[in-house]
Amino acid sequence: MDIDMLKVILVDDDEDDRLLFKDAIEEVDMNTSLLLFDNGQEFMDHITLSGQSIPHLVFLDLNMPIKNGIECLTEIRQNNKLKDLSVAIYSTSSSEKDIEQTFIKGANIYINKPNDFIKLKKAISEVLKLNWQYHTSNLNRENFLLSI
Amino acid sequence: MKIYLKYDINVIFKKTLEEQLDKIGINYTINGLGEVEFMEAISVDKITQLASLLSIYGIKIINDHKSEVIQRIKDAITEMVINSSIDNSCKVSTYLAEKLGYSYTYLSSLFSEGTYTSIENFVILKRIDRAKTLILEDKLTLTEISYNLGYSSVAHLSYQFKKTTGLTPTVFQKIIKQRKETAKAQ
């Protein structure tokens, strides 16, 4: 049941944000693997490929061309094969309405994009560690909500 | 003059193991090669003693003992949180030490090494997880739920709920209800 590596994906169209995220996750003291995608369509094509191993956690940027974060989230939640995938929405909006709407659509985590590297690292670390608990302990995944 | 020997490595291993196990004076059975079961809880000191006795013969205790103890800690915490008849005011450290037969210091360092969290945080996580279930069942009031889970007040539960999830219990309940309705409508 134990997992030795947490498989993480980030989907974000902004190259700077992707690099920053990559640097931050590397500094978190945890065994992780990270895959990056720059738009929702590419990510959905990748993850629905047959025989593809399912990651533990995906961070979705909300505003992306071609296919945005909410569209990906909706598709993920309609796909039974992806029911164990935790979805973190990664957005600049901090409006309560936006947060609630993404949760209602099935997101597990909502991260208001931090504006400095230290805070980003802290947020990522918190999310990864909590998500790890959901994958290794008997906690109810349907009720997994976290807003930072 | 030379003599030639014939030997069975398994017999040597078993005999060596028995001799060393007898030295620590705890009832045991050898379940096939490579697995020893103790009939009572065994202290860390005894394990350390056994490890050093065996090391002379090149026998090592495999540390999957670690994941096993972690699992037992998690199970004991789950039982404590769900079973409201277990006295919630009793300290978690005392409860775990008594239940598992190890010192709390040992349990706590083992847990932190293997889980990316601490026992204290895991207890909070488990209590909040239980609170979520009870909130969604909608049978008990928040006051009853906080009492049930050993919180001193609703304020304390709400504070820890918000700290753990980023949401208040009320907003959480609203979101999950709407999510279920949306899923049904589709």
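Take the conditions (1) without any contact (Cβ under 8 Å) to a residue 24 or more places away in the chain; (2) surrounded by fewer than 17 Cβ atoms within 10 Å (Cβ to Cβ); B:Leu136 misses just one of them, which is (1). B:Thr168 - would you say it is surrounded by fewer than 16 Cβ atoms within 10 Å (Cβ to Cβ), at pLDDT below 90 and within 11 Å of chain A (Cβ to nearest Cβ)? Criteria not met by B:Thr168.
Within the range B:98-108, if we keep just the residues that are in contact (Cβ under 8 Å) with a residue 40 or more places away in the chain and in a helix (DSSP H, G or I), the residue that is farthest from the other protein chains (Cβ to nearest Cβ) turns out to be B:Tyr106.
For every residue, the table says whether it meets (1) at pLDDT 90 or above; (2) outside any helix (DSSP H, G or I); (3) out of contact with any helix residue (DSSP H, G or I) (no Cβ under 8 Å at 6 or more places or on another chain); (4) not assigned by TED's automatic domain parsing to the domain that holds B:Phe38.
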{"site": "B:Cys90", "(1), (2), (3), (4)": "no, yes, yes, yes"}
{"site": "B:Leu110", "(1), (2), (3), (4)": "yes, no, no, yes"}
{"site": "B:Ile124", "(1), (2), (3), (4)": "yes, no, no, yes"}
{"site": "B:Ile128", "(1), (2), (3), (4)": "yes, no, no, yes"}
{"site": "B:Thr133", "(1), (2), (3), (4)": "yes, no, no, yes"}
{"site": "B:Thr143", "(1), (2), (3), (4)": "yes, no, no, yes"}
{"site": "B:Gln173", "(1), (2), (3), (4)": "yes, no, no, yes"}
{"site": "B:Ile176", "(1), (2), (3), (4)": "yes, no, no, yes"}
{"site": "B:Glu181", "(1), (2), (3), (4)": "no, no, yes, yes"}
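Contact map, the range B:44-70: residues that are farther than 23 Å from B:Lys14 by Cβ and touching a residue at least 24 places away in the same chain (Cβ under 8 Å) paired with residues that are assigned to a loop (DSSP other than H, G, I, E, B) and of a type outside the set (Val, Ile, Thr), Cβ distance under 8 Å, separation 6+ or inter-chain. Pairs shown: B:Val44/B:Tyr102; B:Val44/B:Ser103; B:Ser67/A:Asp2; B:Val69/B:Tyr102. Take the conditions (1) within 14 Å of another protein chain (Cβ to nearest Cβ); (2) within 25 Å of A:Glu126 (Cβ to Cβ); (3) small (Gly, Ala, Ser); B:Ala76 misses just one of them, which is (2).
Among the residues of the range B:23-80, those identified as surrounded by 14 or more Cβ atoms within 10 Å (Cβ to Cβ), among the β-branched types (Val, Ile, Thr) and not in a helix (DSSP H, G or I) are B:Ile26, B:Ile30, B:Val36, B:Ile42, B:Ile59. What residue, of A:Asp13, A:Asp61, is touching a helix residue (DSSP H, G or I) at 6+ places or on another chain (Cβ under 8 Å) and either closer than 25 Å to A:Leu139 by Cβ or surrounded by 15 or more Cβ atoms within 10 Å (Cβ to Cβ) (or both)? A:Asp61 is the lone residue from the list that is touching a helix residue (DSSP H, G or I) at 6+ places or on another chain (Cβ under 8 Å) and either closer than 25 Å to A:Leu139 by Cβ or surrounded by 15 or more Cβ atoms within 10 Å (Cβ to Cβ) (or both). The single condition among (1) without any contact (Cβ under 8 Å) to a residue 12 or more places away in the chain; (2) over 27 Å from B:Lys126 (Cβ atoms); (3) within 13 Å of chain B (Cβ to nearest Cβ) that A:Leu73 does not meet is (1).
What number of residues within the range B:112-122 are touching a helix residue (DSSP H, G or I) at 6+ places or on another chain (Cβ under 7 Å) and either on the phi < 0 side of the Ramachandran plot or among the polar types (S, T, N, Q) (or both)?
Looking only at that region, the number is 6.
Scanning the range B:146-165 for residues that are buried (at least 19 other Cβ atoms within 10 Å of the Cβ) and within 11 Å of chain A (Cβ to nearest Cβ) yields a total of 3.
Within the range A:109-141, the set of residues being small (Gly, Ala, Ser) and more than 14 Å from the chain's Cα centre (by Cα) comprises A:Ser137 only.
Condition check: of a type outside the set (Phe, Trp, Tyr) and more than 9 Å from chain B (Cβ to nearest Cβ). Does A:Lys81 satisfy that? So A:Lys81 passes the test.
Going through the range B:1-22 one residue at a time, which ones are surrounded by fewer than 11 Cβ atoms within 10 Å (Cβ to Cβ) and either hydrophobic (A, V, I, L, M, F, W, C) or closer than 28 Å to B:Ala97 by Cβ (or both)? Within the range B:1-22, B:Met1, B:Ile3, B:Leu5, B:Ile9, B:Val11, B:Asp22 meet the criteria. When you look at B:Leu136, is it over 23 Å from the mean Cα position of the chain (by Cα) and within 13 Å of chain A (Cβ to nearest Cβ), yes or no? When the stated conditions are applied, B:Leu136 passes them.
So in the range A:102-144, with the set limited to residues that are assigned to a helix (DSSP H, G or I), free of Cβ contacts under 8 Å to residues at least 12 places away in the same chain and more than 7 Å from every other protein chain (Cβ to nearest Cβ), which one is surrounded by the fewest Cβ atoms within 10 Å (Cβ to Cβ)?
Among those that are assigned to a helix (DSSP H, G or I), free of Cβ contacts under 8 Å to residues at least 12 places away in the same chain and more than 7 Å from every other protein chain (Cβ to nearest Cβ), it is A:Ile118.
The values are calculated or read from the model by the stated rules, or taken from the named source; none is laboratory data. As the structure is a computational prediction, the values presented were derived from the model and not from experiment. So basically every Cβ, Gly included, is an ideal-geometry build from the backbone, and we count neighbours across all protein chains shown.
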